[in-house]
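The block underneath contains the structure these notes are about, expressed in structure tokens.
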Amino acid sequence: MNSDQYTGSAEAPLVGLARKGDRAAFAELLRRRQAWIRNLLLRCCNNPALADDLAQQVFMQAWRTIHQLRHSGRFAAWLKRLAINTWLQQARKNDPLDHADDVEVQTSGSDSASIAMDLDRALATLKDPVRLCIVLSYHEGMTHEEIAEFTSMSLGTVKSHIRRGTQRLQSTLAAYQDMPTEEKSS
Amino acid sequence: MTDARDPGLQALFDAAREDTVNEAFVARVMADIEKGQRLTIFSWVIAGLLLVPVAWWLSTPLLGAVDLATQLLPDTLIAVEEGFLAQLLAPVNSIAGVVGLTFVGAWAAYRKILS
């Protein structure tokens, strides 16, 4: 298997080849999309090992069912749906977690890894549905209507979750509020 | 409330994003995919090998059942004297006709329940 031959290829033809069972094409899709899916799941579960396990499940399922994908151009949306469904199944399996009530995150540093760590700790204080709505909104840039459709929650519930989650994160991550924007993203 | 997001939080989410390719992860997933494919092929081969003795073992009773069915299916259910009525009823006046009608009815009911 050598996915290098597809390095410069557009995504849609790769999806078409993967649907026909081309493993090299799927490997290239995996290379391109793994960081996104792993990030998304990490924001959801705050556990790097679990996030990688879930991401692996997502890509395995994608390989098994990619022949059912009718429109190659909708690969990313389809993959995101698989990831969210995988996370929802995982969340249903777990007992309700005890979320910390009054956690205040001190800034660990201004590099990407430290910010990610602090953000994940803050996200972990949110209840699963609230966290999912926040992640889909801020990480995925989805609108409230899209989140409602995606998660089968009512629009009112999604808006309420995002409002409460945002307030909570603002308070938990208050130490970052004073930091200049350039420093946050440096 | 609109879809507007808190700019400070948005900046944190953007900064926390990691875009590097994790080659170990890619290799692990592809190895699992290959393992899964090998397992599938192996399962089919085993199933095929098991099917041969089972088919051989069942061939005699299966052929007997087919033979019996071939004899029974055309049997008429109600004796009707030769003529126009007998020809008209011929498609349904047999065990095969009843079996066929039952199957069509069950299929229609199944479709109606599902729709």
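Selection of segment A:39-51 for residues being open to solvent by 30 Å² or more (accessible area, probe 1.4 Å) and modelled with pLDDT of 90 or more yields A:LEU42, A:ALA49, A:LEU50.
Condition check ((1) among the aliphatic types (A, V, I, L, M); (2) farther than 23 Å from B:ASN22 by Cα) across all residues:
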site: A:ARG31; (1), (2): no, no
site: A:ARG43; (1), (2): no, no
site: A:ASP52; (1), (2): no, no
site: A:MET60; (1), (2): yes, no
site: A:HIS71; (1), (2): no, yes
site: A:TRP78; (1), (2): no, no
site: A:ARG81; (1), (2): no, no
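B:ILE33 - would you say it is in contact with a helix residue (DSSP H, G or I) (Cβ under 9 Å, 6 or more places away or on another chain), more than 14 Å from chain A (Cβ to nearest Cβ) and either part of a helix (DSSP H, G or I) or open to solvent by 70 Å² or more (accessible area, probe 1.4 Å) (or both)? Considered against the rule, which asks whether it is in contact with a helix residue (DSSP H, G or I) (Cβ under 9 Å, 6 or more places away or on another chain), more than 14 Å from chain A (Cβ to nearest Cβ) and either part of a helix (DSSP H, G or I) or open to solvent by 70 Å² or more (accessible area, probe 1.4 Å) (or both), B:ILE33 comes out as no.
So which of A:GLY16, A:GLY8, A:GLY21 ends up being in a loop (DSSP other than H, G, I, E, B), more than 11 Å from the chain's Cα centre (by Cα) and away from chain B (no Cβ under 12 Å)? Criteria check complete, one pass: A:GLY8.
Please go through segment B:14-23 and give me each residue that is part of a helix (DSSP H, G or I), within 7 Å of chain A (Cβ to nearest Cβ) and open to solvent by 50 Å² or more (accessible area, probe 1.4 Å), ordered by number. B:ASP14 - this is the single residue of segment B:14-23 that is part of a helix (DSSP H, G or I), within 7 Å of chain A (Cβ to nearest Cβ) and open to solvent by 50 Å² or more (accessible area, probe 1.4 Å).
For the condition open to solvent by less than 90 Å² (accessible area, probe 1.4 Å), assigned to a helix (DSSP H, G or I) and within 14 Å of chain A (Cβ to nearest Cβ), B:ALA11 qualifies. With respect to the stated conditions, B:VAL26 fails to be within 10 Å of chain A (Cβ to nearest Cβ), part of a loop (DSSP other than H, G, I, E, B) and either of a type in the set (A, V, I, L, M, F, W, C) or surrounded by 13 or more Cβ atoms within 10 Å (Cβ to Cβ) (or both).
Quick one: is B:PHE42 facing chain A (nearest Cβ under 7 Å) and not in a loop (DSSP other than H, G, I, E, B)?
It is false that B:PHE42 is facing chain A (nearest Cβ under 7 Å) and not in a loop (DSSP other than H, G, I, E, B).
The values are calculated or read from the model by the stated rules, or taken from the named source; none is laboratory data. These numbers were taken from a predicted model, which means no experiment stands behind them. Counting neighbours? That spans all protein chains shown, and the Cβs are built from the backbone with ideal geometry, glycine included. Side chains included, ligands, DNA and RNA excluded: accessible areas come from the protein's heavy atoms. Shrake-Rupley method; radii C 1.70, N 1.55, O 1.52, S 1.80 Å.
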